[in-house]
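What follows is a short report on a single structure.
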Amino acid sequence: MAYNKPLPQATPETQEFWDGLKRHELRIQQCNDCNQFYFYPRPFCPSPGCRSNNVEWQTVSGKAKLHTYVISHHGFGPWAEDVPYVIAVVELDEGPRMMSNIINIDPTPENLPPDLPLEIVYDDVTDEVTLAKFQPVQG
Amino acid sequence: MGDSRDYSHKVAIVGASETETVGLLPDRSMLQLHAEAAMRALADCGMTLDDVDGVATAGPTPAQLTEYLNIIPRWVDGTAVGGGSFLMHVGHAVAAIQAGYCDVVLVTHGESGRSHVGVGGRGAGPSTIGGQFEAPFGVWGPPSMFSIPIVRHMHKYGTTEEQMAEIAVATRKWAELNPRAMMRDPITVKDVLDSRLIAWPLHLLNCCLVTDGGGALVLVSEERAKDFQKPPVWVLGRGEATAHTNISMMKDMTEWTSAIQTGKDAFAMAEMLHSDIQHAMFYDAFTHVPMYALEALGFVKPGEGGPYFAEGHTAPGGDFPMNTNGGGLSYTHTGMYGMFAIMESVTQLRGEAGERQIENLHTSMVHAPAGMFSGTSTLILGNE
């Protein structure tokens, strides 16, 4: 069945992120002046006191920790089949946080302690779009 | 350079009313609810629409509202940042009236949140930041987003589901005293924890209602405020801020950072201390929201919010009565509930709260989010 969930539509400043995921690379930006990584993509460093335009795309590890989450027991439309599912904010080892789903795990609070080590899973949901999802570090 | 303290106690709320009923109103459109609340608030202070020369609203644009009401105000404010918009409108009205931009400000709210009568489409497009970086992961509304920080608060401070359930229980006790409240049957902590899971750690009874209704306020200057039958409710302090809009961009998941700022600004303008605040209306879209507010506004230390509610301070008979109308959790919640939070402070400060009236009340604080922890607004109101 065709993928029927919401899909992102890239904008000029986010295109490289989405193109990277399609190649199974996690691409985020780093500031060349203050060296901080940040997310979501913007053409300038958002760090207070820096705000530099001297930023560069980097391929990062895909390693992360579980920062916080809910276990959704309710799902509208196409999400109904996934209930219960985990909507999480993960913290990349490089610092920035992003929303994602935690997959390949039985979604209970006991299995999902905060700071749980995670690794990226490239989920090719359509021919055009790959989403960055995460699972507990294997092995 | 201005000093906010010069604007304290200079503008008063003299008219205030909700729609005749709140709850399930499938026979009224969204704009009709605005108009009904507006007429009733004006009647409350013996004015008509023809006296109004300043308008503030959120939901519809100011132009949609003025077209419907057929008025041409000379000052408008369309700040629309979610449930706390109306608190910001009050703060802006204080400055506008002081500046002489207008004399009589009407602030309106109306929302067909449950029945969706006369409401346009909603939802973010797929190229917005939320459309790209949140929607693909199955967020489906406030219960799945406003709730995301909670686990981090539990992890850092040991906050428990039981403590958050106590907030629902305390608020329901107030609703039992309010004949207009939608939910008035007593509940227990066990009832909350046994209620259906929505988005763990939220159960159904941790979540606000979804209703229809409206409310409106009329504000005038100090000079005019004495002309009315009912006692004026003075705007003593205000603060406002916005930060992120997407919950994944909330910098510290354990702290309502923008609320810290709005509380400080409101206290500074009113030249008051925490001990001066006798009553609180802290917007309760979900049980954890007033808990975060209580901590950010400095009434307790970070992490002490959960135990504080569990000790009963905010319930009837407690020393810090909060959400005394029954809150968004048990009274009504149209979508942008902030107007009802202000309304209950006004009702209490006028001494019109009936069975739930707080005795010897002179100061009340209203606090509401702009979006989901996105920003906040704080008001300090008084009747002296």
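Every read-out reported here was derived from the displayed coordinates using simple, explicitly stated rules and does not represent laboratory data. None of these values were measured; they are calculated from a predicted model. Here the Cβ is made from the backbone with ideal geometry for all residues, glycine too, and neighbour counts use every protein chain on show.
Quick notes
- Karplus-derived 3J(HN,Hα) values for the range B:302-312, using 6.51 cos²θ - 1.76 cosθ + 1.60 with θ = phi - 60°, are x, x, 8, x, x, x, 4, 5, 5, 7, x Hz; glycine and proline are entered as x.
- With respect to chain B, whose longest principal axis is taken over its alpha-carbon atoms, helix B:338-349 is tilted by about 70°.
- Residue order, fewest to most surrounding Cβ atoms within 10 angstrom, among A:Cys31, B:Cys208, A:Cys45: A:Cys31, A:Cys45, B:Cys208
- Counting only GluC sites (Glu not before Pro) that DSSP places in a loop and that have at most 14 other Cβ atoms within 10 Å, the longest clean stretch of chain A runs over A:14-127.
- Karplus-derived 3J(HN,Hα) values for the range B:94-103, using 6.51 cos²θ - 1.76 cosθ + 1.60 with θ = phi - 60°, are 4, 5, 5, 5, 5, 7, x, 5, 6, 10 Hz; glycine and proline are entered as x.
- Residues with amide H under 5 Å from that of A:Val121, placed H, sequence gap 5 or more: A:Lys133, A:Phe134, A:Gln135
- Under DSSP loop assignment and at most 16 Cβ neighbours within 10 Å, longest chymotrypsin sites (Phe, Trp or Tyr not before Pro)-free interval of chain A: A:77-139
- With θ taken as phi - 60° and the Karplus curve 6.51 cos²θ - 1.76 cosθ + 1.60 applied, the whole-hertz 3J(HN,Hα) list for the range A:100-106 is 6, 10, 9, 10, 6, 8, 6 Hz, x standing for glycine and proline.
- Size descriptor for the range A:11-60, Kirkwood hydrodynamic radius: 10.9 Å (Cα pairs only, one decimal).
- Within the same chain, lysines fewer than 8 places from B:Lys10 are excluded, and of the rest, those with a Cα less than 24 Å from its Cα are B:Lys226, B:Lys230, B:Lys264.
- Cα centroid separation, the range B:36-90 to the range B:114-188 (Å): 27 Å
- Annotation: the antiparallel percentage among DSSP beta bridges lying fully within chain B is about 75.
- Of all aspartates and glutamates in the structure, those lying under 12 Å Cα to Cα from B:Lys301, and not within fewer than 8 positions of it along the same chain, are B:Glu255.
- At R0 = 60 Å, FRET efficiency that the Cβ-Cβ distance of A:Ser61 and B:Gln64 yields, to 0.05: 0.75
- A:Thr68 long-range amide H proximity, modeled H, under 5 Å: A:Val89
- Taken as Cα centroids, the range B:1-35 and the range B:331-378 sit 11 Å apart, rounded to the nearest whole angstrom.
- Inter-part distance where the range B:268-323 and the range A:91-139 are each reduced to a Cα centre, Å: 36 Å
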